[in-house]
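Take a look at the structure below.
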Amino acid sequence: MIQAQNLSKHYKRSVAVDDVSFDVETGKVTGFLGPNGAGKSTTMRLMLGLDNGGGSTTFDGKPLHSYRRPSETVGILLEAKAFHPTRTARNHLRVLAAAGGIDDARVDEALDIVGLKEVAKKRPGKFSLGMSQRLGIAAAILGKPKYLMLDEPGNGLDPEGIAWLRDFISEYADQGNAVFVSSHLLSEMSQMADNIVVIGKGKLIASTSMKDLLSSSSRNGVFIRVDGLKLLEKALHTAGAKFEHADGGLRVSGMTADQVGHLAFGARVPVLELTRKDASLEEAFLDLTEDSQEYRAHKEKQS
């Protein structure tokens, strides 16, 4: 696994990363989440030794610089357009392959995997952001690394590209590798991540499984729609239940669907709809990072 321990980065007047520790397991996708300015990119650079700071990161118990061929241990995508704009896509990868001691044949394999085989002879300077992301991923997988670290790889991808990326990342981890990926696309992250690391204002907020993160959310509850809302509200108040109005009914937290149904039956309230409502990753994330948002928008006041 990857073990990041006590990562820190201090500037004169601010702290970018503050004593952050977590693990990235093989065979799993670990999502890396945080508000804008939380320190995600800085954390990834610290893990790779690309930025000066405190703490340490080991890959299978050893620091990255101790490996003779680091590109076979970890593949990296930190910048979408980290290439020479006038060098062809194939030649860009050939340069990287030569530097890593990788056979040229792997270049065409990687281009095919990411869907860029048809534009291999084109210069990436005019590539769209989505195509540049694909080229960056091709560069990351050249050495067939055990670990992939991808910073916002979904930026600029169209819906087909997003679906491809989700499948690619999941399949890569299923082969016994590990993928550590940051993203603001929470709906996509919820479909592919096994574990989640959340930071805010440089501090670790959570490092847990997706299942445990969602099950512990205060947003989990039961939705009920009835004929006789006031009577049900009175029964819920008497039972000490927490609830809020939603979609013509009530969203009740801290109770199971069976408990809410029995309560409605006891209050002689006809039930029109009764369903369990699990928290989404977006809801759980917003709750966790409520106090860590650097930038907050406010509604315009009406004159």
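The values are calculated or read from the model by the stated rules, or taken from the named source; none is laboratory data. Since the model is a prediction, treat every value here as computed from it, not as a measurement. Virtual Cβ from ideal backbone geometry, glycine too; neighbours counted across all protein chains shown.
Miscellaneous remarks
- Which listed residue, of Asp247, Asp227, Asp258, is touching a residue at least 40 places away in the same chain (Cβ under 8 Å) and among the charged types (D, E, K, R): Asp227
- When the residues of segment 252-282 are filtered to those that are part of a strand (DSSP E or B) and within 14 Å of Arg225 (Cβ to Cβ), the one that is modelled with the lowest pLDDT is Lys277.
- Residues in segment 166-183 that are in contact with a Pro (Cβ under 9 Å, 6 or more places away or on another chain) and within 22 Å of Asn36 (Cα to Cα) were compared, and the one that is modelled with the highest pLDDT is Val181.
- Residue among Gly49, Gly37, Gly101, Gly55 that is within 18 Å of Met149 (Cβ to Cβ), of a type in the set (Gly, Ala, Ser) and in a loop (DSSP other than H, G, I, E, B): Gly49
- Considering each residue of segment 5-18 in turn, none proves to be among the small types (Gly, Ala, Ser) and closer than 20 Å to Tyr147 by Cβ.
- Checklist (1) touching a strand residue (DSSP E or B) at 6+ places or on another chain (Cβ under 6 Å); (2) of a type in the set (Gly, Ala, Ser); (3) assigned to a helix (DSSP H, G or I) applied to Ser8, failing item: (3)
- Condition broken by Leu186, with the remaining ones in (1) surrounded by fewer than 16 Cβ atoms within 10 Å (Cβ to Cβ); (2) assigned by TED's automatic domain parsing to the domain that holds Phe32 satisfied: (1)
- For segment 120-138, a residue qualifies if it is charged (D, E, K, R) and in a loop (DSSP other than H, G, I, E, B), and the qualifying residues are Lys121, Lys122, Arg123.
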